[in-house]
Amino acid sequence: MIEKIIDDVEFPKGWFKINLDQVAIWGSGGTPSRRIPGYFQGDIPWIKTGELKSKYVRDMEEKITEQALQKSSAKIFAKGSVAIAMYGATIGRTSILDVDAASNQACAIAQPIKGIIFNEFLYYYLLSQLREFVKLGKGGAQPNISQTVLKSHPIFLPHYPEQLRIVAKIEELFSELDAGIESLKIARSQLKIYRQAVLKWAFEGKLTAEWRQQRQGKLKSADELLEQIKIDRENHYQQQFKDWESEVKNWESEGGSGKRPTKPHKLKEVRPPHNENTYHLLNLPDGWNWIFPEDIASPENYSLGIGPFGSNLKVSDYAESGFPLVFVRHITSGDFKINSKFISYDKFQELLPHAVKPLDLLVTKMGDPPGDCEIYPAKSMQGIITSDCLKFRVWDKFVNRDFYKYCINSTLVKKQLGLITKGVAQKKISLERFRGILLPLPNFQEQNKIVQEIESRLSICDNIETTIEENLQRAESLRQSILKQAFTGKLVPQDPNDEPAAQLLARIQQKQSAQQTLPLKPRKPAKKTP
(Lines give C-alpha, C1' and ligand atoms only; values in the text may rest on other atoms or scores of the structure.)
Protein backbone atom coordinates (compact mmCIF):
# COMPACT_ATOMS: atom_id res chain seq x y z
CA MET A 1 0.00 0.00 0.00
CA ILE A 2 1.19 3.51 -0.86
CA GLU A 3 1.62 5.69 2.20
CA LYS A 4 1.46 9.46 1.92
CA ILE A 5 3.77 11.13 4.43
CA ILE A 6 2.18 14.35 5.65
CA ASP A 7 3.17 14.57 9.30
CA ASP A 8 6.85 13.55 9.12
CA VAL A 9 8.93 16.69 9.54
CA GLU A 10 11.78 15.09 7.60
CA PHE A 11 9.84 15.23 4.35
CA PRO A 12 7.77 17.99 2.75
CA LYS A 13 4.14 17.59 1.82
CA GLY A 14 3.48 15.84 -1.44
CA TRP A 15 6.24 13.25 -1.02
CA PHE A 16 5.20 9.59 -0.89
CA LYS A 17 6.80 6.60 0.71
CA ILE A 18 6.69 3.67 -1.69
CA ASN A 19 8.95 0.73 -2.55
CA LEU A 20 11.39 0.62 -5.42
CA ASP A 21 9.36 -2.05 -7.23
CA GLN A 22 6.57 0.54 -7.59
CA VAL A 23 8.71 3.01 -9.55
CA ALA A 24 10.65 0.69 -11.87
CA ILE A 25 10.54 -2.70 -13.58
CA TRP A 26 13.37 -4.83 -12.21
CA GLY A 27 15.33 -7.63 -13.81
CA SER A 28 18.77 -9.17 -13.98
CA GLY A 29 20.92 -10.81 -16.58
CA GLY A 30 22.96 -13.94 -17.00
CA THR A 31 26.31 -15.26 -18.13
CA PRO A 32 26.62 -17.21 -21.39
CA SER A 33 28.68 -20.38 -21.16
CA ARG A 34 32.40 -19.68 -20.95
CA ARG A 35 33.00 -23.07 -22.52
CA ILE A 36 32.06 -21.53 -25.86
CA PRO A 37 34.53 -18.67 -26.43
CA GLY A 38 32.66 -17.59 -29.54
CA TYR A 39 29.78 -16.38 -27.38
CA PHE A 40 32.00 -13.49 -26.28
CA GLN A 41 33.00 -12.36 -29.77
CA GLY A 42 29.86 -10.49 -30.69
CA ASP A 43 28.68 -6.88 -30.72
CA ILE A 44 26.15 -6.82 -27.85
CA PRO A 45 27.59 -4.92 -24.86
CA TRP A 46 27.67 -7.14 -21.74
CA ILE A 47 28.12 -5.48 -18.33
CA LYS A 48 29.85 -6.82 -15.24
CA THR A 49 29.59 -5.23 -11.79
CA GLY A 50 33.21 -4.09 -11.87
CA GLU A 51 32.28 -1.75 -14.71
CA LEU A 52 29.75 0.18 -12.61
CA LYS A 53 32.16 2.94 -11.63
CA SER A 54 30.80 6.20 -13.03
CA LYS A 55 27.41 7.79 -13.61
CA TYR A 56 27.15 6.42 -17.15
CA VAL A 57 28.51 3.12 -18.39
CA ARG A 58 29.04 2.78 -22.10
CA ASP A 59 32.34 1.00 -22.77
CA MET A 60 32.05 -2.66 -21.82
CA GLU A 61 35.07 -4.93 -21.77
CA GLU A 62 33.17 -7.87 -23.28
CA LYS A 63 30.52 -8.17 -25.98
CA ILE A 64 28.38 -11.21 -26.63
CA THR A 65 26.71 -12.65 -29.70
CA GLU A 66 23.06 -13.05 -30.67
CA GLN A 67 23.42 -16.80 -30.10
CA ALA A 68 24.82 -16.23 -26.59
CA LEU A 69 21.77 -14.11 -25.86
CA GLN A 70 19.41 -16.84 -27.01
CA LYS A 71 21.26 -19.65 -25.21
CA SER A 72 21.47 -18.00 -21.78
CA SER A 73 19.40 -15.99 -19.34
CA ALA A 74 21.11 -12.82 -20.53
CA LYS A 75 18.75 -10.20 -21.93
CA ILE A 76 19.05 -6.72 -23.34
CA PHE A 77 18.03 -3.73 -21.23
CA ALA A 78 17.23 -0.37 -22.74
CA LYS A 79 19.51 2.63 -22.70
CA GLY A 80 18.61 4.77 -19.71
CA SER A 81 18.05 1.82 -17.36
CA VAL A 82 19.80 1.96 -13.98
CA ALA A 83 22.15 -0.87 -13.00
CA ILE A 84 23.17 -1.73 -9.43
CA ALA A 85 25.64 -4.38 -8.23
CA MET A 86 24.28 -7.06 -5.90
CA TYR A 87 27.35 -9.20 -5.06
CA GLY A 88 30.64 -9.03 -3.17
CA ALA A 89 32.84 -5.98 -2.79
CA THR A 90 30.90 -4.07 -5.45
CA ILE A 91 27.52 -4.14 -3.63
CA GLY A 92 25.65 -0.90 -4.24
CA ARG A 93 27.72 0.37 -7.14
CA THR A 94 25.37 2.11 -9.53
CA SER A 95 25.44 3.38 -13.13
CA ILE A 96 23.04 4.40 -15.86
CA LEU A 97 23.23 2.41 -19.13
CA ASP A 98 24.23 4.77 -21.91
CA VAL A 99 23.64 2.05 -24.51
CA ASP A 100 21.29 -0.88 -24.92
CA ALA A 101 23.17 -3.64 -23.12
CA ALA A 102 22.97 -7.07 -21.52
CA SER A 103 24.37 -7.81 -18.07
CA ASN A 104 25.52 -10.67 -15.90
CA GLN A 105 23.43 -12.02 -13.04
CA ALA A 106 25.30 -9.96 -10.43
CA CYS A 107 23.67 -6.79 -11.75
CA ALA A 108 20.09 -5.80 -11.02
CA ILE A 109 18.63 -3.55 -13.71
CA ALA A 110 15.84 -1.07 -13.01
CA GLN A 111 13.83 0.32 -15.91
CA PRO A 112 12.19 3.50 -14.52
CA ILE A 113 8.45 3.85 -15.19
CA LYS A 114 7.93 6.90 -17.37
CA GLY A 115 6.09 9.74 -15.73
CA ILE A 116 6.71 8.27 -12.27
CA ILE A 117 10.44 8.56 -11.72
CA PHE A 118 13.27 10.21 -13.62
CA ASN A 119 16.14 7.76 -14.23
CA GLU A 120 18.79 10.18 -12.93
CA PHE A 121 16.73 10.74 -9.78
CA LEU A 122 16.64 6.96 -9.25
CA TYR A 123 20.40 6.76 -9.92
CA TYR A 124 21.25 9.39 -7.30
CA TYR A 125 18.82 7.86 -4.82
CA LEU A 126 20.46 4.43 -5.16
CA LEU A 127 23.84 6.14 -4.79
CA SER A 128 22.66 7.74 -1.54
CA GLN A 129 21.69 4.29 -0.22
CA LEU A 130 25.07 2.63 -0.85
CA ARG A 131 25.92 2.20 2.84
CA GLU A 132 22.46 0.80 3.56
CA PHE A 133 22.80 -1.77 0.79
CA VAL A 134 26.23 -2.80 2.09
CA LYS A 135 24.70 -3.32 5.55
CA LEU A 136 21.92 -5.43 4.02
CA GLY A 137 24.46 -7.70 2.30
CA LYS A 138 24.27 -11.29 3.54
CA GLY A 139 26.75 -14.11 3.27
CA GLY A 140 30.32 -14.82 4.36
CA ALA A 141 33.23 -14.19 2.04
CA GLN A 142 30.88 -13.04 -0.73
CA PRO A 143 28.00 -11.03 0.79
CA ASN A 144 25.12 -10.17 -1.50
CA ILE A 145 21.75 -8.52 -1.75
CA SER A 146 18.88 -9.83 -3.83
CA GLN A 147 16.32 -8.28 -6.16
CA THR A 148 13.78 -8.93 -3.41
CA VAL A 149 15.75 -6.71 -1.06
CA LEU A 150 16.04 -4.00 -3.70
CA LYS A 151 12.38 -4.10 -4.71
CA SER A 152 11.18 -3.82 -1.10
CA HIS A 153 13.57 -0.97 -0.30
CA PRO A 154 11.63 2.26 0.40
CA ILE A 155 11.95 5.53 -1.47
CA PHE A 156 10.36 8.88 -0.66
CA LEU A 157 9.12 10.15 -3.99
CA PRO A 158 8.42 13.80 -4.88
CA HIS A 159 6.53 15.05 -7.95
CA TYR A 160 8.21 14.49 -11.32
CA PRO A 161 9.05 18.21 -11.91
CA GLU A 162 10.60 18.39 -8.44
CA GLN A 163 12.70 15.33 -9.24
CA LEU A 164 14.12 17.19 -12.26
CA ARG A 165 14.94 20.24 -10.13
CA ILE A 166 16.61 18.07 -7.48
CA VAL A 167 18.77 16.29 -10.07
CA ALA A 168 19.77 19.62 -11.65
CA LYS A 169 20.83 20.97 -8.24
CA ILE A 170 22.73 17.79 -7.35
CA GLU A 171 24.66 17.98 -10.60
CA GLU A 172 25.44 21.66 -10.12
CA LEU A 173 26.83 21.03 -6.64
CA PHE A 174 28.61 17.81 -7.64
CA SER A 175 30.24 19.61 -10.56
CA GLU A 176 31.73 22.18 -8.19
CA LEU A 177 32.72 19.44 -5.76
CA ASP A 178 34.35 17.34 -8.48
CA ALA A 179 36.37 20.35 -9.65
CA GLY A 180 37.68 20.79 -6.11
CA ILE A 181 38.45 17.09 -5.76
CA GLU A 182 40.32 17.10 -9.07
CA SER A 183 42.44 20.03 -7.87
CA LEU A 184 43.26 18.13 -4.66
CA LYS A 185 44.24 15.03 -6.62
CA ILE A 186 46.46 17.07 -8.92
CA ALA A 187 48.13 18.61 -5.87
CA ARG A 188 48.65 15.12 -4.43
CA SER A 189 50.28 13.87 -7.65
CA GLN A 190 52.47 16.98 -7.75
CA LEU A 191 53.62 16.21 -4.22
CA LYS A 192 54.76 12.78 -5.38
CA ILE A 193 56.77 14.41 -8.17
CA TYR A 194 58.21 16.94 -5.73
CA ARG A 195 59.29 14.17 -3.32
CA GLN A 196 61.31 12.51 -6.09
CA ALA A 197 62.72 15.89 -7.10
CA VAL A 198 63.93 16.46 -3.53
CA LEU A 199 65.73 13.10 -3.58
CA LYS A 200 67.20 13.83 -7.00
CA TRP A 201 68.55 17.22 -5.86
CA ALA A 202 69.89 15.62 -2.68
CA PHE A 203 72.04 13.06 -4.47
CA GLU A 204 73.20 15.58 -7.04
CA GLY A 205 74.56 17.59 -4.11
CA LYS A 206 72.24 20.55 -4.78
CA LEU A 207 70.60 20.63 -1.34
CA THR A 208 73.98 21.15 0.33
CA ALA A 209 75.80 23.21 -2.32
CA GLU A 210 75.82 26.38 -0.20
CA TRP A 211 76.64 24.38 2.95
CA ARG A 212 79.70 22.87 1.18
CA GLN A 213 80.80 26.26 -0.12
CA GLN A 214 80.78 27.69 3.40
CA ARG A 215 83.00 24.82 4.61
CA GLN A 216 85.39 24.65 1.69
CA GLY A 217 88.76 23.25 2.78
CA LYS A 218 87.40 22.15 6.17
CA LEU A 219 85.74 18.87 5.17
CA LYS A 220 87.32 15.50 4.46
CA SER A 221 86.82 14.16 0.97
CA ALA A 222 85.14 10.87 0.12
CA ASP A 223 88.56 9.52 -0.87
CA GLU A 224 89.81 10.12 2.68
CA LEU A 225 86.69 8.44 4.06
CA LEU A 226 87.25 5.41 1.82
CA GLU A 227 90.86 5.20 2.93
CA GLN A 228 89.73 5.12 6.56
CA ILE A 229 87.19 2.41 5.70
CA LYS A 230 89.98 0.33 4.10
CA ILE A 231 92.13 0.65 7.21
CA ASP A 232 89.32 -0.30 9.57
CA ARG A 233 88.24 -3.21 7.38
CA GLU A 234 91.77 -4.60 7.46
CA ASN A 235 92.04 -4.09 11.23
CA HIS A 236 88.70 -5.83 11.67
CA TYR A 237 89.90 -8.78 9.60
CA GLN A 238 93.20 -9.01 11.47
CA GLN A 239 91.33 -9.07 14.79
CA GLN A 240 89.00 -11.78 13.47
CA PHE A 241 92.05 -13.77 12.31
CA LYS A 242 93.72 -13.53 15.74
CA ASP A 243 90.50 -14.58 17.44
CA TRP A 244 90.28 -17.53 15.05
CA GLU A 245 93.86 -18.61 15.77
CA SER A 246 93.12 -18.49 19.49
CA GLU A 247 89.96 -20.56 19.01
CA VAL A 248 91.86 -23.14 16.94
CA LYS A 249 94.52 -23.51 19.66
CA ASN A 250 91.82 -24.06 22.27
CA TRP A 251 90.11 -26.55 19.97
CA GLU A 252 93.37 -28.46 19.44
CA SER A 253 94.22 -28.42 23.17
CA GLU A 254 90.86 -30.09 23.83
CA GLY A 255 91.70 -32.91 21.44
CA GLY A 256 90.02 -31.50 18.37
CA SER A 257 86.56 -32.60 19.43
CA GLY A 258 83.62 -31.02 17.69
CA LYS A 259 83.69 -28.81 14.62
CA ARG A 260 86.92 -26.97 13.83
CA PRO A 261 86.47 -23.15 14.09
CA THR A 262 85.76 -21.57 10.69
CA LYS A 263 88.53 -19.41 9.28
CA PRO A 264 87.32 -15.84 8.63
CA HIS A 265 87.03 -14.68 5.02
CA LYS A 266 89.11 -11.72 4.01
CA LEU A 267 86.85 -8.89 2.88
CA LYS A 268 87.07 -7.74 -0.72
CA GLU A 269 89.23 -4.72 -1.20
CA VAL A 270 87.46 -1.38 -1.65
CA ARG A 271 87.84 -0.60 -5.33
CA PRO A 272 87.00 2.54 -7.28
CA PRO A 273 84.56 1.93 -10.15
CA HIS A 274 85.84 2.06 -13.72
CA ASN A 275 84.88 5.08 -15.79
CA GLU A 276 82.72 2.93 -18.05
CA ASN A 277 80.55 2.14 -15.01
CA THR A 278 79.79 5.77 -14.31
CA TYR A 279 79.58 7.54 -17.67
CA HIS A 280 75.77 7.24 -17.78
CA LEU A 281 75.34 8.60 -14.25
CA LEU A 282 75.27 12.19 -13.06
CA ASN A 283 78.41 14.19 -12.36
CA LEU A 284 79.14 14.20 -8.66
CA PRO A 285 80.16 17.33 -6.72
CA ASP A 286 83.84 17.78 -5.92
CA GLY A 287 84.83 15.68 -2.92
CA TRP A 288 82.23 12.96 -3.57
CA ASN A 289 82.93 9.53 -5.01
CA TRP A 290 81.10 6.52 -6.44
CA ILE A 291 81.14 3.34 -4.38
CA PHE A 292 79.62 -0.14 -4.53
CA PRO A 293 77.30 -1.39 -1.75
CA GLU A 294 79.97 -3.78 -0.45
CA ASP A 295 82.35 -0.86 0.14
CA ILE A 296 80.16 0.54 2.92
CA ALA A 297 78.64 -2.72 4.17
CA SER A 298 79.29 -3.77 7.74
CA PRO A 299 82.37 -6.04 7.98
CA GLU A 300 80.41 -8.72 9.88
CA ASN A 301 79.22 -11.83 8.06
CA TYR A 302 76.08 -11.79 5.89
CA SER A 303 75.80 -7.99 5.74
CA LEU A 304 74.51 -8.30 2.19
CA GLY A 305 72.06 -11.11 1.62
CA ILE A 306 68.75 -12.33 0.29
CA GLY A 307 66.01 -14.54 1.68
CA PRO A 308 66.00 -18.36 1.52
CA PHE A 309 64.70 -20.07 -1.60
CA GLY A 310 62.43 -23.01 -2.25
CA SER A 311 62.23 -25.74 0.33
CA ASN A 312 64.54 -23.89 2.74
CA LEU A 313 61.49 -21.99 3.99
CA LYS A 314 58.02 -23.45 3.42
CA VAL A 315 54.58 -22.38 4.52
CA SER A 316 54.54 -25.41 6.79
CA ASP A 317 57.44 -23.81 8.71
CA TYR A 318 55.27 -20.84 9.73
CA ALA A 319 54.32 -20.57 13.40
CA GLU A 320 51.96 -18.45 15.48
CA SER A 321 54.85 -16.91 17.43
CA GLY A 322 58.63 -16.88 17.51
CA PHE A 323 60.98 -15.04 15.17
CA PRO A 324 59.22 -12.79 12.62
CA LEU A 325 59.41 -13.22 8.86
CA VAL A 326 59.82 -10.13 6.70
CA PHE A 327 57.87 -9.99 3.43
CA VAL A 328 57.76 -7.49 0.57
CA ARG A 329 54.49 -6.07 1.95
CA HIS A 330 56.28 -5.03 5.14
CA ILE A 331 58.90 -3.06 3.22
CA THR A 332 56.51 -1.34 0.82
CA SER A 333 54.11 -0.35 3.59
CA GLY A 334 56.73 0.48 6.21
CA ASP A 335 54.62 -1.54 8.66
CA PHE A 336 56.43 -4.64 9.91
CA LYS A 337 53.50 -5.93 11.95
CA ILE A 338 50.82 -6.37 9.27
CA ASN A 339 49.88 -10.01 8.57
CA SER A 340 52.83 -11.21 10.65
CA LYS A 341 54.18 -14.73 10.29
CA PHE A 342 56.79 -16.40 12.51
CA ILE A 343 59.22 -19.32 12.67
CA SER A 344 60.63 -21.33 15.56
CA TYR A 345 64.00 -20.79 17.25
CA ASP A 346 65.43 -23.93 15.61
CA LYS A 347 64.33 -22.77 12.15
CA PHE A 348 65.76 -19.33 12.83
CA GLN A 349 69.14 -20.85 13.70
CA GLU A 350 69.00 -22.90 10.50
CA LEU A 351 68.38 -19.75 8.45
CA LEU A 352 70.85 -17.50 10.29
CA PRO A 353 72.59 -16.24 7.09
CA HIS A 354 69.22 -14.70 6.12
CA ALA A 355 68.68 -13.01 9.48
CA VAL A 356 67.79 -9.33 9.68
CA LYS A 357 68.78 -7.14 12.61
CA PRO A 358 67.26 -3.87 13.82
CA LEU A 359 68.31 -0.91 11.62
CA ASP A 360 69.25 -3.06 8.62
CA LEU A 361 68.23 -1.64 5.26
CA LEU A 362 65.67 -3.87 3.54
CA VAL A 363 65.08 -3.74 -0.21
CA THR A 364 62.43 -5.35 -2.41
CA LYS A 365 63.85 -7.54 -5.17
CA MET A 366 60.76 -7.24 -7.35
CA GLY A 367 58.59 -4.37 -8.61
CA ASP A 368 58.33 -1.90 -11.48
CA PRO A 369 61.07 -0.99 -10.93
CA PRO A 370 62.19 -2.97 -7.87
CA GLY A 371 64.10 -1.39 -5.03
CA ASP A 372 61.65 -0.02 -2.45
CA CYS A 373 63.78 0.46 0.66
CA GLU A 374 62.90 0.72 4.34
CA ILE A 375 64.80 0.46 7.63
CA TYR A 376 63.97 -2.46 9.90
CA PRO A 377 62.67 -0.79 13.08
CA ALA A 378 65.12 -0.23 15.92
CA LYS A 379 63.10 -2.04 18.60
CA SER A 380 62.20 -5.07 16.51
CA MET A 381 63.51 -8.52 17.34
CA GLN A 382 65.72 -10.31 14.84
CA GLY A 383 63.83 -11.92 11.98
CA ILE A 384 64.32 -13.68 8.67
CA ILE A 385 63.82 -12.04 5.28
CA THR A 386 61.84 -14.00 2.70
CA SER A 387 62.89 -14.82 -0.85
CA ASP A 388 61.79 -11.56 -2.51
CA CYS A 389 63.67 -9.35 -0.05
CA LEU A 390 67.28 -8.22 0.21
CA LYS A 391 69.14 -6.91 3.26
CA PHE A 392 71.91 -4.34 3.30
CA ARG A 393 73.62 -3.79 6.66
CA VAL A 394 75.67 -0.59 6.33
CA TRP A 395 78.73 0.23 8.45
CA ASP A 396 77.19 3.00 10.51
CA LYS A 397 80.59 4.02 11.86
CA PHE A 398 81.20 5.66 8.49
CA VAL A 399 77.85 6.15 6.76
CA ASN A 400 74.35 7.32 7.61
CA ARG A 401 71.81 4.54 6.93
CA ASP A 402 69.02 7.08 6.36
CA PHE A 403 71.13 8.68 3.64
CA TYR A 404 71.29 5.35 1.80
CA LYS A 405 67.63 4.52 2.42
CA TYR A 406 66.67 7.71 0.63
CA CYS A 407 69.33 7.12 -1.99
CA ILE A 408 68.02 3.64 -2.88
CA ASN A 409 64.48 5.07 -3.08
CA SER A 410 65.60 7.82 -5.46
CA THR A 411 65.49 7.70 -9.26
CA LEU A 412 69.30 7.57 -9.25
CA VAL A 413 69.24 4.00 -7.94
CA LYS A 414 65.77 3.03 -9.20
CA LYS A 415 66.93 3.57 -12.79
CA GLN A 416 70.00 1.40 -12.21
CA LEU A 417 67.85 -1.35 -10.69
CA GLY A 418 65.39 -1.11 -13.57
CA LEU A 419 68.25 -1.78 -16.02
CA ILE A 420 69.39 -4.92 -14.22
CA THR A 421 66.04 -6.62 -13.62
CA LYS A 422 65.57 -10.01 -15.24
CA GLY A 423 62.49 -12.11 -15.87
CA VAL A 424 59.36 -12.08 -17.99
CA ALA A 425 56.22 -12.54 -15.89
CA GLN A 426 57.86 -11.13 -12.77
CA LYS A 427 61.03 -9.06 -12.98
CA LYS A 428 63.53 -9.37 -10.16
CA ILE A 429 67.06 -8.34 -9.25
CA SER A 430 69.65 -10.75 -7.94
CA LEU A 431 72.05 -10.14 -5.07
CA GLU A 432 75.00 -10.13 -7.48
CA ARG A 433 73.39 -7.47 -9.63
CA PHE A 434 72.61 -5.40 -6.56
CA ARG A 435 76.26 -5.61 -5.58
CA GLY A 436 77.08 -3.96 -8.92
CA ILE A 437 75.02 -0.79 -8.54
CA LEU A 438 76.79 2.47 -7.77
CA LEU A 439 76.01 4.74 -4.84
CA PRO A 440 77.25 8.30 -4.19
CA LEU A 441 79.53 8.83 -1.21
CA PRO A 442 80.01 12.27 0.33
CA ASN A 443 81.79 12.71 3.65
CA PHE A 444 79.96 11.68 6.82
CA GLN A 445 79.09 15.24 7.90
CA GLU A 446 77.50 16.00 4.55
CA GLN A 447 75.54 12.76 4.62
CA ASN A 448 74.01 13.86 7.92
CA LYS A 449 73.27 17.35 6.56
CA ILE A 450 71.62 15.93 3.44
CA VAL A 451 69.36 13.71 5.56
CA GLN A 452 68.34 16.80 7.57
CA GLU A 453 67.55 18.73 4.38
CA ILE A 454 65.55 15.83 2.89
CA GLU A 455 63.52 15.22 6.02
CA SER A 456 62.78 18.91 6.50
CA ARG A 457 61.26 19.08 3.02
CA LEU A 458 59.50 15.71 3.18
CA SER A 459 58.01 16.66 6.53
CA ILE A 460 56.32 19.63 4.86
CA CYS A 461 55.11 17.27 2.12
CA ASP A 462 53.66 14.94 4.75
CA ASN A 463 51.75 17.79 6.37
CA ILE A 464 50.38 18.98 3.04
CA GLU A 465 49.43 15.44 2.07
CA THR A 466 47.61 14.97 5.37
CA THR A 467 45.65 18.16 4.70
CA ILE A 468 44.81 16.97 1.18
CA GLU A 469 43.57 13.61 2.45
CA GLU A 470 41.47 15.30 5.13
CA ASN A 471 39.92 17.58 2.50
CA LEU A 472 39.21 14.63 0.20
CA GLN A 473 37.41 12.93 3.09
CA ARG A 474 35.48 16.13 3.77
CA ALA A 475 34.52 16.29 0.10
CA GLU A 476 33.13 12.77 0.24
CA SER A 477 31.21 13.63 3.40
CA LEU A 478 29.86 16.73 1.67
CA ARG A 479 28.77 14.58 -1.27
CA GLN A 480 26.81 12.35 1.11
CA SER A 481 25.37 15.41 2.82
CA ILE A 482 24.16 16.77 -0.53
CA LEU A 483 22.45 13.46 -1.31
CA LYS A 484 20.87 13.34 2.14
CA GLN A 485 19.45 16.85 1.73
CA ALA A 486 18.25 15.98 -1.76
CA PHE A 487 16.24 12.96 -0.65
CA THR A 488 14.76 14.58 2.42
CA GLY A 489 13.37 17.49 0.40
CA LYS A 490 15.83 20.10 1.70
CA LEU A 491 17.96 20.76 -1.38
CA VAL A 492 15.52 22.75 -3.54
CA PRO A 493 12.34 24.71 -2.69
CA GLN A 494 8.99 23.25 -3.64
CA ASP A 495 6.99 24.81 -6.47
CA PRO A 496 3.29 25.42 -5.73
CA ASN A 497 2.61 25.07 -9.47
CA ASP A 498 3.58 21.36 -9.42
CA GLU A 499 0.74 18.96 -10.15
CA PRO A 500 -1.45 18.04 -7.17
CA ALA A 501 -0.26 15.09 -5.17
CA ALA A 502 -3.50 13.23 -5.88
CA GLN A 503 -2.68 13.09 -9.61
CA LEU A 504 0.71 11.46 -9.02
CA LEU A 505 -0.90 9.01 -6.60
CA ALA A 506 -3.57 8.10 -9.10
CA ARG A 507 -1.02 7.58 -11.89
CA ILE A 508 1.08 5.26 -9.74
CA GLN A 509 -1.97 3.26 -8.65
CA GLN A 510 -3.20 3.03 -12.24
CA LYS A 511 0.10 1.65 -13.46
CA GLN A 512 0.22 -0.81 -10.55
CA SER A 513 -3.29 -2.09 -11.14
CA ALA A 514 -2.57 -2.56 -14.84
CA GLN A 515 0.70 -4.34 -13.86
CA GLN A 516 2.45 -2.37 -16.54
CA THR A 517 5.78 -3.71 -17.67
CA LEU A 518 8.24 -2.06 -19.97
CA PRO A 519 9.45 -4.09 -22.96
CA LEU A 520 13.02 -5.27 -22.72
CA LYS A 521 13.92 -4.77 -26.38
CA PRO A 522 15.09 -8.30 -27.10
CA ARG A 523 16.92 -8.84 -30.36
CA LYS A 524 15.45 -11.12 -32.93
CA PRO A 525 17.38 -14.30 -33.61
CA ALA A 526 19.65 -13.96 -36.60
CA LYS A 527 18.17 -15.41 -39.76
CA LYS A 528 19.80 -18.60 -40.90
CA THR A 529 21.42 -18.42 -44.29
CA PRO A 530 19.87 -21.02 -46.59
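Quick notes on this one:
- Residue-span extension gain [Lys314 to Trp251] - 0.36 nm each, minus C-alpha spacing: 19.1 nm
- Rounded percent of accessible protein surface that carbon and sulfur make up, the stretch 43-92, 1.4 Å probe: 47 percent
- Furthest towards positive pole of dipole, Ser128, Leu184, Leu207, structure part the stretch 121-227, Cβ charges: Leu207
- Amide hydrogen neighbours beyond the local backbone of Asn443, cut-off 5 Å, H modeled: Ala222
- Whole-angstrom gap from the stretch 32-55 to the stretch 157-171, using each part's C-alpha centre: 33 Å
- Ordering Leu439, Gly256, His330 by the projection of their Cα atoms onto the charge dipole of the chain, which places +1 on the Cβ of Lys and Arg and -1 on the Cβ of Asp and Glu, puts His330 at the extreme positive end.
- This model, with +1 at the C-beta of Lys and Arg and -1 at the C-beta of Asp and Glu, gives the stretch 319-387 a dipole about its Cα centre of some 100 debye.
- Normalised by the number of residues in the stretch 217-372, the average gap of Cα pairs under 8 Å and 6 or more apart makes the relative contact order 18 percent.
- Distance from the stretch 240-274 to the stretch 344-418 (C-alpha centre basis), Å: 27 Å
- Of all beta bridges that DSSP places with both ends in the chain, some 90 percent have antiparallel geometry.
- The charge dipole of the stretch 215-332, taken about its Cα centre with unit charges on the Cβ atoms of Lys, Arg (+1), Asp and Glu (-1) only, comes to about 100 debye.
- About the Cα centre, charge dipole magnitude for the chain (Lys/Arg +1, Asp/Glu -1 at Cβ), debye: 1660 debye
- Signed unit charges on C-beta, dipole axis of the chain, positive-most listed residue Met366, Pro299, Ala506: Ala506
- Screening the chain for DSSP H helices whose Cα atoms reach 27 Å or more along their own axis and whose mean Kyte hydropathy is at least -0.5 gives 160-203.
- Within straight-line cross-link reach of Lys365, aspartates and glutamates at Cα separation under 15 Å, skipping those fewer than 8 residues along the same chain: Glu374, Asp388, Glu432
- Based on C-alpha pairs under 8 angstrom that are at least 6 apart in sequence, the chain has a relative contact order of 16 percent.
- Peptide ranges 64-76, 486-498 listed from the most packed, as the mean C-beta count within 10 angstrom indicates: 64-76, 486-498
The values are calculated or read from the model by the stated rules, or taken from the named source; none is laboratory data. The structure presented is a predicted model; accordingly, all values stated were derived computationally and were not measured. Here the Cβ is made from the backbone with ideal geometry for all residues, glycine too, and neighbour counts use every protein chain on show. For accessibility, only protein heavy atoms count, side chains too; no ligands or nucleic acids. Shrake-Rupley method; radii C 1.70, N 1.55, O 1.52, S 1.80 Å.
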